[in-house]
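One structure below.
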Amino acid sequence: MKKVAILVLLALLLLVCGCGSSAPPNAVTTTTSGNWEAQLTGGTGAAADLNFVINFSVTNTTGESAQGLSISGFSFINNGPCFLTGVTATSQGGSATITTLSTSQVTGSMSLTITSNATSGTQEGNTLQLTAQPPGGGVSGTSSGTTSTSGTLSNGVVWGVWSLSSTVAANQAMCGTPTTAPITGTFIMCQNSATCTIPGS
């Protein structure tokens, strides 16, 4: 009888402890938005010139999983033969995790995928993938919030690696370049600025 009572008490304790645990105590929400200009380096030929500007917002609560980017604008600065221009020429999607530290500094990770909507030609099947993941990449900046208050990200920097690939065999030389797919390189993306630097560099 004692064993049954102990098991019931343990079950009740687990139930009580599990309630309301979807977000950690003193969770901090960090929001970011604005225009971000991406500069890609590396690659060869046309694949080395895929700089772009993107407008997105994302809100993260410290301790929770990555949240999707809400993208409201996108345009290549120099798309080359890999991608067509125009509002419907590409599809974009991604997610980010942003955490505010005790110093109001921000850390995190981000992924962004840009896919060509072309159904024929050199642009068909092309995908540009950007990954900002520690230790070789990440998200940095300053939050107006603290470890106990919500805030907005400013002076944001995103950096990491990019790759360009194609699902179409004829385009796997990447838009006419002699290099086999995927072509890779590094990138930096600056919030509301054409230039910025990677923290610690």
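The values are calculated or read from the model by the stated rules, or taken from the named source; none is laboratory data. Bear in mind that the values here come from a model prediction, so they are computed numbers and not experimental data. When we count neighbours, we look across all protein chains shown, and the Cβ atoms used for this are built from the backbone with ideal geometry, even at glycine.
Couple of notes before you dig in:
- Cβ pairs under 7 Å, 6+ apart, first in the stretch 87-112 and touching a residue at least 60 places away in the same chain (Cβ under 8 Å) and at positive phi, second part of a loop (DSSP other than H, G, I, E, B) and surrounded by 16 or more Cβ atoms within 10 Å (Cβ to Cβ): none
- Of all residue pairs spaced 6 or more apart or on separate chains, those with beta-carbon atoms under 6 Å, a first member in the stretch 30-59 that is closer than 15 Å to residue 196 by Cα and a second member that is of a type in the set (D, E, K, R) and crowded, with 18+ Cβ neighbours inside 10 Å are 53/37.
- All conditions in (1) at pLDDT 90 or above; (2) surrounded by 14 or more Cβ atoms within 10 Å (Cβ to Cβ); (3) more than 18 Å from the chain's Cα centre (by Cα) hold for residue 47, with the sole exception of (1).
- Filtering 33, 72, 22 for residues that are of a type in the set (Ser, Thr, Tyr) and modelled with pLDDT of 85 or more leaves a single hit, 72.
Results for (1) within 20 Å of residue 88 (Cβ to Cβ); (2) among the β-branched types (Val, Ile, Thr); (3) at pLDDT below 95, shown as yes or no for each residue.
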site	(1), (2), (3)
142	no, yes, yes
157	no, yes, no
166	yes, no, yes
171	yes, no, yes
174	no, no, yes
179	no, yes, yes
183	no, yes, yes
200	no, no, yes
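- When 165, 148, 154, 120 are checked against the criterion of being assigned to a strand (DSSP E or B) and surrounded by fewer than 16 Cβ atoms within 10 Å (Cβ to Cβ), a single residue qualifies: 154.
Yes or no, residue by residue, for (1) more than 14 Å from the chain's Cα centre (by Cα); (2) without any contact (Cβ under 8 Å) to a residue 24 or more places away in the chain:
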{"site": "137", "(1), (2)": "no, no"}
{"site": "144", "(1), (2)": "yes, no"}
{"site": "147", "(1), (2)": "yes, no"}
{"site": "153", "(1), (2)": "yes, no"}
{"site": "157", "(1), (2)": "no, no"}
{"site": "162", "(1), (2)": "no, no"}
{"site": "169", "(1), (2)": "yes, yes"}
{"site": "174", "(1), (2)": "yes, no"}
{"site": "184", "(1), (2)": "yes, no"}
